[in-house]
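Comments concern the structure below.
The values are calculated or read from the model by the stated rules, or taken from the named source; none is laboratory data. Model, not experiment: these values are computed from the prediction. Backbone-built Cβ (ideal geometry, glycine too); neighbour counts: all protein chains shown. Surface areas here come from the heavy atoms of the whole protein model, side chains and all, with no ligands, DNA or RNA. Shrake-Rupley method; radii C 1.70, N 1.55, O 1.52, S 1.80 Å.
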Amino acid sequence: MPRNMGFFLLGLRNYNHSFIFNPRTRLLHSLPSNSTDPIGETAIFIQNIINFRRQKPTNEIEKALERCGFELTEDLVLNVLHRHHSDWQPAYVFFNWVSKKSDLSIGSEPYNKILDILGKMRRFEELHQVFDEMSERKGLVNEVTYGILLNRYAAAHMVDEAIGVFKRRKDFGFGFELDLLAFQALLMWLCRYKHVEVAENLFYSFGKQHELVYSDIKTWNIVLNGWCVRGNVHEAKRFWSDLLASGCHPDLFTCGIFINALTKKGKLGTALKLFRAMWGYKRCNPDVTICNSIINALCFKKRIPEALQVFEEMKERGCEPNAATYNTLIKYLCNIRRMEKVYEFVDEMERKQGDCLPNHVTYSFLLKSLKRAEEVPDLLERMERNGCSLIGDTYNLLLKLYMDWDCQERVEQTWNEMERHGLGPDQRSYIVMIHGYCDKGRRDDALRYYREMKSKGLKLEPRTEKLVDSMNLNCDEKKLAA
């Protein structure tokens, strides 16, 4: 607990007129005085300090942090950074202040966290500064760092930079030999963000130099999956032919990729034939992932009775369903309001425990099926009993539901609770609020959330941008008419 905390909070309570600089600045309530989470309480305190001075120069924020005298630990630093995972500026200011402290030598984890935050928000100039500092301190750059850089560069379509990180691995102390897992990670992230052509070219280029690349089926599967996810069955078939010609034998995952691609392209009949044929081969019996793909495709085509038959058949053949299996069925049964069957499945998941225990996806479908705000607390209580804590996506869903039901008090409560637990708000939270208030004719509230979102560097979706432009145009027209 930082000293002077009580005095500081008391001063803030009596200083409401200071919020003029930002009408939507909020102070988060600290945890109860008997809290068992002193790190969380101190992190909220720091979050309040930074948020309160958001528009102030960096040196003023640093002076305020210095005056409070809390004890810095790596766990505390991580907690504060986590609370700003969608708000890069306060995270960056706080991290820079921490990194200058001579009495605290932070390890790889805080560096990786700030790199991930900056990369997520496309702040690559700041990311490079932090990474250069991290590189100068020997032993901090690790495989997690490598993965974060690949992910964020590929997500921003900075393909050359992503490849450059792989080629510079030896500079980071990872050795001079080709690391197959590191190469596969590069291909995976490139394919994840639709750069499959580049990934395939790299695969063949490195494969000519390193036999290990060609001989590993996992590497082939990554590129094959990339083409299938792109929905390009023609290129997938071409690459499949190359795979067979190479002498590398397809595995269960290879077959699963093809079945998934066929179902996504609407070729369910062909997928079902391959699925049925696989049961005849001992080494290639469908696993739960393949069964889930077939069940999902049948449900999507509104062939739910057949999906339930596959569900029963897989259990009879010794392929145990997992939470994803149940979630697929629950999703589509909720859509047709077969709620008795839905909760029968939920009860079964709770009895089985383990991999079948209801998760955030399960509860999101159940929440969407509710008709009234009064039904939410019982479901959230059931969620808590099963050890499933709320995550950012759950809070965003609750925001949308309460907004749709016009429960403004619960909207505000949900927003504050999400902030208090460091789970938002993120881009989706603001979009929900902007669209929700616009639909209710509360244009000023919608624009206020838009301005706050913009101040945090969060990007608008195209549809939200059009909506904001329309609201601003209406404002201008009213001013001219006046």
Looking at the stretch 265-301, which of its residues are surrounded by fewer than 21 Cβ atoms within 10 Å (Cβ to Cβ) and either assigned to a loop (DSSP other than H, G, I, E, B) or touching a Gly at 6+ places or on another chain (Cβ under 6 Å) (or both)?
Lys265, Gly266, Lys267, Trp279, Gly280, Tyr281, Asn285, Asp287, Thr289, Lys301
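Condition test on Gly207, is it open to solvent by less than 20 Å² (accessible area, probe 1.4 Å), in contact with a helix residue (DSSP H, G or I) (Cβ under 7 Å, 6 or more places away or on another chain) and at pLDDT 95 or above?
no
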In this structure, does Met188 turn out to be over 24 Å from Ser246 (Cβ atoms) and touching a residue at least 24 places away in the same chain (Cβ under 8 Å)?
no
Tell me which of these Ile336 doesn't satisfy, since it passes every other one: (1) touching a helix residue (DSSP H, G or I) at 6+ places or on another chain (Cβ under 6 Å); (2) among the β-branched types (Val, Ile, Thr); (3) surrounded by fewer than 18 Cβ atoms within 10 Å (Cβ to Cβ).
(1)
Any residue in the stretch 121-146 that's within 18 Å of His84 (Cβ to Cβ): show its pairings with residues that are surrounded by fewer than 19 Cβ atoms within 10 Å (Cβ to Cβ) and not aromatic (Phe, Trp, Tyr) at Cβ separation under 7 Å, as long as the two are six or more apart or on different chains.
Met121/Gly457; Arg122/Ala156
When the stretch 105-128 is checked residue by residue, the ones that are open to solvent by less than 20 Å² (accessible area, probe 1.4 Å), part of a helix (DSSP H, G or I) and of a type outside the set (S, T, N, Q) are Pro110, Tyr111, Ile114, Leu115, Ile117, Leu118, Gly119, Leu127
In the set Tyr146, Tyr153, the lone residue that is hydroxyl-bearing (Ser, Thr, Tyr) and closer than 22 Å to Asp426 by Cα is Tyr153
Out of (1) modelled with pLDDT of 95 or more; (2) open to solvent by 70 Å² or more (accessible area, probe 1.4 Å); (3) in a helix (DSSP H, G or I); (4) out of contact with any Gly (no Cβ under 9 Å at 6 or more places or on another chain), what's the single condition that is false for Met188?
(4)
Tell me which of these Glu344 doesn't satisfy, since it passes every other one: (1) more than 21 Å from the chain's Cα centre (by Cα); (2) of a type outside the set (Val, Ile, Thr); (3) surrounded by 14 or more Cβ atoms within 10 Å (Cβ to Cβ).
(3)
